[in-house]
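Below is one structure, written out as structure tokens; comments come after it.
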Amino acid sequence: MIMATFDVSKGWVILIPAKMPTAAQVAEELSHCIDRLRCQAELSQKPPLVQDTAEKPPDDAVPIILLNVNTDRQEGNGFSWRIGKDRIEIYGESGRGLCNGVFDFLGTLGFRWPAPDREVLPPLDKSRPQEYTPKEADAHHPSGQEGVRRRLVFNRKDSPKRWESLVLWAARNKIDTLVFSLQSRIFHDRSLKKRGFFGKGSGKHGRYRESLCALAQKYELTIEGGGWDLSLLVSRRYFLLNQEIFRMDSGTRKKKYNFCPTAPATIKLLTKKAEDIFRANPEILVYHFWPDRGHEKAWCSCPTCRAFTLEEQNRIAVNAVADSLAKLNPCGRISYYENSIEKENIAPRSNMFKVTHLPGEPGAEATGWLLRETAVQTST
């Protein structure tokens, strides 16, 4: 039976699967939000009790919010929920999906998290202060394909002090994956080579990274590396020693923006630097290697490179990086940028997938890509 309102004055009990840390984490969020509504309605009740299903079940007369999850699936982000008179069911296709389902339900009540450390409650109806009308009575959002997984791409200059609040903001806004530039301070920790990305950090940045990873794992947010980082693999300090590895423009070698992908020395540099990154971070399974931001079409015009289109030059470079990843981590994947509809003669490697809209571009959000600095501003 579908109810028209959510009555916060009822003695709701939140039931969660036993030994499911993600369910316990998101259940506490749900309990907190209901308590906020009770305080807004000036009710004196305590926050709803969170109880796992291994304990004695509540009486039939007790209204329950049942959280359920498919524990056999890790990669899904889909969910469904429905509202009844004294029973609300929220189901996740994985732990991440359950998180999305809980925050989607809260969103339909009117909760918003427009910026880190900011929570906006649904407006209070003074004539019925204990009742809140949801926008929907049920929802069903199955897991999407790789291209529509919601990814938040961080600014490489984001302060480590803000990482934790940004992770919470992302989880509450149904974002599935955090993407950090390889130039970000999250990757600049000497302990990475010894302890791995999710290991115990050392130094200030290492401790911030450790805290971020622990929080992301609570909400089952995945972490990926990269972005506009393809040129990072070809150090600019080689320009004076070997200009042939850099792109040619109007007959002159240019230090800025991308490089010459057909030079054997370039491929050697690409693979060596990529291998160092992959070995230091074996837990990260997905990387993104795109050309320099704002100069995605600035490739080489040397006699050799002129035989290839701009898209083919990009594929030559990323293919070399993908080959390195395949040797070290057969489960790893790499994204590359390409928005051309022309058929290219050079095929991408099997462990690569295409990005057609870069974060911040029109249409990117529809394919799941959000840029941190614009995503927060847009939702404010």
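Where a number appears in this text, it was derived from the coordinates with a stated rule and is not lab data. Note that this is a predicted model, so its numbers are computed, not measured. When we count neighbours, we look across all protein chains shown, and the Cβ atoms used for this are built from the backbone with ideal geometry, even at glycine.
Angle of helix 203-218 to the longest C-alpha principal axis of the chain, folded into 0 to 90 degrees and rounded to 10: 50°.
Rounded to the nearest 10 degrees, the angle from helix 163-172 to the longest Cα principal axis of the chain is 60 degrees. Charged side chains reduced to their Cβ positions (Lys and Arg at +1, Asp and Glu at -1) give the stretch 146-379 a dipole of some 1000 debye around its Cα centre. Computed over the alpha-carbon pairs of the chain, the distance histogram in 20 Å steps reads 26, 49, 21, 4, 0 percent, short to long.
Find out how many positive minus negative residues lie around Phe154, taking Lys and Arg as positive, Asp and Glu as negative, among other residues whose Cβ is under 13 Å from that of Phe154.
+2
Summarising the amide proton neighbourhood of Leu66: residues at separation of 5 or more, or on other chains, whose placed amide H is nearer than 5 Å comprise Leu15, Ile88, Glu89, Ile90.
Proximity of backbone amide H atoms, modeled 1.01 Å from N, is registered between Trp369 and Arg151 at under 5 Å, excluding neighbours fewer than 5 places apart on the same chain. What you get for the stretch 133-176, charging only the Cβ of Lys and Arg (+1) and of Asp and Glu (-1), is a dipole of about 320 debye around the Cα centre. Label sites at Ala115 and Glu283, each approximated as a point 7 angstrom past Cα along Cα to Cβ, lie 3.2 nm apart. Ordering Gly107, Trp290, Ala307 by the projection of their Cα atoms onto the charge dipole of the chain, which places +1 on the Cβ of Lys and Arg and -1 on the Cβ of Asp and Glu, puts Ala307 at the extreme positive end. Simple spin-label estimate for Lys204 and Gln243 gives 4.0 nm between the two label positions (7 Å along the Cα-to-Cβ direction from each Cα). Each Lys and Arg adds +1 at its Cβ and each Asp and Glu adds -1 at its Cβ; summed about the Cα centre, the stretch 291-380 shows a dipole of about 280 debye.
Taking other residues whose beta carbon is less than 14 angstrom from the beta carbon of Pro21, and scoring Lys, Arg as +1 and Asp, Glu as -1, yields -1. Axis of helix 21-40 versus longest Cα principal axis of the chain: the two differ by about 60°, to the nearest ten degrees.
Farthest toward the positive end of the dipole of the stretch 6-141, out of Ala137, Gly95, Gly78, is the Cα of Ala137, where the dipole comes from beta carbon charges about the Cα centre. Annotation for the stretch 50-85 versus the stretch 305-380: alpha-carbon center distance of 38 Å. A crude spin-label estimate for the pair Ala347 and Thr133, with each label 7 Å from Cα along the Cβ direction, gives 5.7 nm.
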